[in-house]
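Written out below as structure tokens is the structure these notes cover.
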Amino acid sequence: MAVEQTYLMIKPDAVARGQVGRIVSRIEDTGLQILRMELATLTAQQAAANYAEHEGKPFYEGLISYITSGPVVKLLVSGEGAVAVCRKLMGATNPADAAPGTIRGDFGLSVDANVIHGSDSVESAEREVALFFG
Ligand code: IDP
Ligand code: MG
């Protein structure tokens, strides 16, 4: 495996519930390095660019309004196999299917309030890092 960068984002529901510290601890516990971390509210344009692959799906409009509904924590994370390590740490998209010990399994409420976003490939990570950290 190679050293990779990935983009993670703690979503508005988890920020509102005060779960940022515990989630960041889990990311640090992997041994990956946090290079940047920032609280911000996404613009509609950033949200649409991040979720372009889902445009037209029944949950798309709700997803855009949810992800722009309040502050998120944007993270740039680096290390060996960072993309896959973080996807494993996050757990399945639907918290009901996510294993205990994963972030979504332990903190997630529903498929639309599922706590955390993480890039799904090195290519997506490059695009998302450029989008959110320029
Ligand atoms: P991922 O976040 O695990 O990569 P994706 O399939 O890329 O999952 O979906 C992006 C986001 O869209 C999910 O994290 C979730 O917030 C939302 N989402 C996905 N599928 C559904 C659904 O069936 N209903 C509501 N929201 C969904
Ligand atoms: Mg995805």
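Within the listed set Ala113, Ala14, Ala99, the residue fluctuating most in the Gaussian network model of the chain (springs between alpha-carbon atoms under 10 angstrom) is Ala99. Rg then Dmax, both in Å and based on the Cα atoms of the chain: 13.7, 38. Counting Lys +1, Arg +1, Asp -1, Glu -1, what net charge surrounds Gln5 among other residues with beta carbon under 11 Å of its beta carbon? Here the charged neighbours net out to -2. Charged side chains reduced to their Cβ positions (Lys and Arg at +1, Asp and Glu at -1) give the chain a dipole of some 320 debye around its Cα centre.
Considering only His117, Leu39, Met1, the residue lying farthest towards the positive end of the dipole of region 1-127 is Leu39, judged by Cα position with unit charges set on Cβ.
For region 34-66, GluC sites (Glu not before Pro) are listed when DSSP marks them as loop and at most 11 other Cβ atoms sit within 10 Å of their Cβ; the list is Glu55. The local environment of Thr41, defined by Cβ-Cβ distances under 15 Å, has a net charge of 0 under the rule Lys, Arg +1 and Asp, Glu -1. If the segment from Arg26 to Ser121 were pulled out straight at 0.36 nm per residue, it would be longer than the present Cα-Cα gap by 32.2 nm.
Shown for region 12-102: the carbon plus sulfur share of the solvent-accessible area, taken with all protein chains present and a 1.4 angstrom probe, equals 54%. Helix content alone sets the calculated 222 nm mean residue ellipticity of the chain: runs of n ≥ 4 DSSP H residues at -39500 (n - 2.57) each, divided across all residues, give -11000 deg cm²/dmol.
With Cα atoms defining each centre, region 90-134 and region 19-74 are spaced 8 Å apart in the structure. When the Cα positions of Tyr66, Ala98, Gly21 are compared along the charge dipole of region 1-116, Gly21 comes out farthest toward the positive end, with charges on each C-beta of Lys, Arg, Asp and Glu. Placing Ile103, Ile34 in order of accessible area, with the largest value first and a 1.4 Å probe, yields Ile34, Ile103.
The values are calculated or read from the model by the stated rules, or taken from the named source; none is laboratory data. Remember, predicted model here, so these are calculated numbers, not experimental data. Counting neighbours? That spans all protein chains shown, and the Cβs are built from the backbone with ideal geometry, glycine included. With ligands, DNA and RNA removed, areas are computed over all heavy atoms of the protein, side chains included. Shrake-Rupley method; radii C 1.70, N 1.55, O 1.52, S 1.80 Å.
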